[in-house]
Amino acid sequence: MKPINKSKIIIATGGTGGHIFPAYSLAKNFIKNNYLVEIVTDKRGLQYLDKHKDIKFILNNSATIFKKNIISLFLSIFIIFYSYIKSLVILYRARPKLVFGMGGHASFPVCIAAKTLNIPFIIYENNIQIGKSNKYLLPFAFKIFTSYRDLVGIAKKYNPKIIVTGNIIREEILNFKKKNQFAPDTLNILILGGSQAARSFGEFLPEIFKQCKKENINIKIFQQCVKSQATKLSEMYKDLNFDFELFNFTNDISKYFLKTELAITRSGSSITAELINCNIPFISIPYPHAADSHQDKNATYFEKKGYSFSVTEAEVNKKLFPLIKSFYKDKKILDRMVQKQKEHTDKDVFLKINKVIESLLNE
């Protein structure tokens with residue numbers, strides 16, 4: 001066994017699943033390579049990570065300055081300043097050799113504190129459109145790791161800072177294997193989403209599935225839903241005589257990937273990266289209120305690549321059912337998406353990251 005590398009790395013991340021899960025995967029990779037690792041996140045992030053005892057987590061709440069209300073704006077500025085001061089204390093005590101910003105407003109004050117203390121920091125962007133926090137941090141960052149070469153929103157003068165690493169996702173997803181065999185007489189559909197998406201999907205997707213029943217389209221449903229919707233959805237699907245399974249949140253999503261022929265999801269970068277790497281065709285319904293419309297841009301990009309189809313929330317009633325019907329009638333459409341997805345892989349993501357980190361820490 002290698003001796004522990006005394007170089008400490010602080011990972012700062014926002015609290016959404018799209019930030020937290022890549023942050024945790026990155027931390028596991030660094031620990032595997034014998035670095036000392038701590039994650040700084042907000043209270044939302046701790047809700048995802050409180051069951052993981054193998055990594056030290058530090059709570060540091062922050063806020064966004066993009067507020068319409070003037071009182072909320074001043075309150076946010078105060079919270080950010082307090083978070084910055086706390087970040088200085090955290091970094092001074094931890095004395096890391098490197099800070100890794102995963103995006104989200106909770107990562108911003110930590111990275112600014114790193115700059116103040118002359119600690120190099122790297123930022124990571126897994127969307128097609130660079131996020132606001134990362135955009136403001138870019139001038140001070142040592143490098144920016146990106147999931148895709150086609151990242152937009154970066155001035156050309158920062159191109160030398162860009163390193164395309166691929167998507168930071170769980171190793172079990174990178175090693176996932178599945179035989180893509182499409183049954184001729186049924187369509188297994190997986191519906192995915194965090195709390196907001198699950199609630200929205202639970203409201204309008206059952207009406208789409210009713211149309212499937214009317215036209216004798218045989219579907220099996222695996223649906224992520226919020227607990228408050230489970231009883232209503234269960235009764236509805238039983239009345240329609242659907243074969244279905246409901247679940248809330250699971251760390252073992254791959255067991256559903258094995259059963260799935262088609263996924264319906266938001267266009268968040270983390271879940272779409274997992275679906276692409278697992279070669280699961282999907283329909284993305286972008287969250288209409290996402291910052292800088294980044295989910296719309298993700299969805300458009302994936303559709304152009306042939307990985308998926310995109311339907312806006314406003315178009316769901318008009319376009320979603322015809323899409324599902326076309327997949328049911330012609331599984332070759334799904335197979336073409338699978339073949340396109342196989343052209344993309346993130347299997348080398350940690351090799352690329354480790355090479356850069358080792359070079360930086362050895363300087």
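A short reminder: the numbers here are calculations on the coordinates, not readings from a lab. This structure is a prediction, so every number in the text was calculated from the model and none was measured. FYI the Cβ positions are ideal-geometry reconstructions off the backbone, even for glycines, and counts take in every protein chain you see.
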Most fluctuating of F21, F249, F74 in the GNM of the chain (C-alpha, under 10 Å) is F74
Nearest 500 deg cm²/dmol is fine: what mean residue ellipticity at 222 nm does the chain get from its DSSP H runs of n ≥ 4 alone, each adding -39,500 (n - 2.57), divided by its residue count?
-14000 deg cm²/dmol
Rg [Å, one decimal], Dmax [Å, integer] - segment 112-259, C-alpha atoms
21.4, 65
List, in the order given, every pair from K135/K161; K179/K355; K305/K342; K28/K86; K32/K340; K259/K332 whose Cα-Cα distance in the structure shown is over 22 Å.
K179/K355; K28/K86; K32/K340
Students often forget the sequence filter, so: which aspartates and glutamates lie under 17 Å Cα-Cα from K352 once same-chain residues fewer than 8 apart are removed?
E125, E171
Just need the relative contact order of segment 187-341 here, percent rounded to a whole number, with Cα pairs under 8 Å and 6+ apart.
23 percent
Taking every pair of distinct Cα atoms and averaging 1/r, then inverting, what Kirkwood hydrodynamic radius in Å comes out for segment 1-130?
14.9 Å
Could you list the residues of segment 264-296 with an amide nitrogen less than 16 Å from a label point located 7 Å from the Cα of I55 in the Cα-to-C-beta direction?
270-271
Rg and Dmax [Cα atoms of segment 187-341; Å; Rg one decimal, Dmax integer]:
14.4, 41
How big is D for the chain, in µm² s⁻¹ as a whole number, if Stokes-Einstein is applied with the Kirkwood radius of its Cα pairs at 37 °C and 0.692 mPa s?
152 µm²/s
Filter the cross-link list K6/K56; K232/K297; K43/K304; K227/K347 down to pairs whose alpha-carbon distance in this structure exceeds 27 Å.
K232/K297; K43/K304; K227/K347
Among 85-93, 36-44, 262-270, 235-243, what's the highest-first ranking by average C-beta atoms within 10 angstrom per residue?
262-270, 36-44, 85-93, 235-243
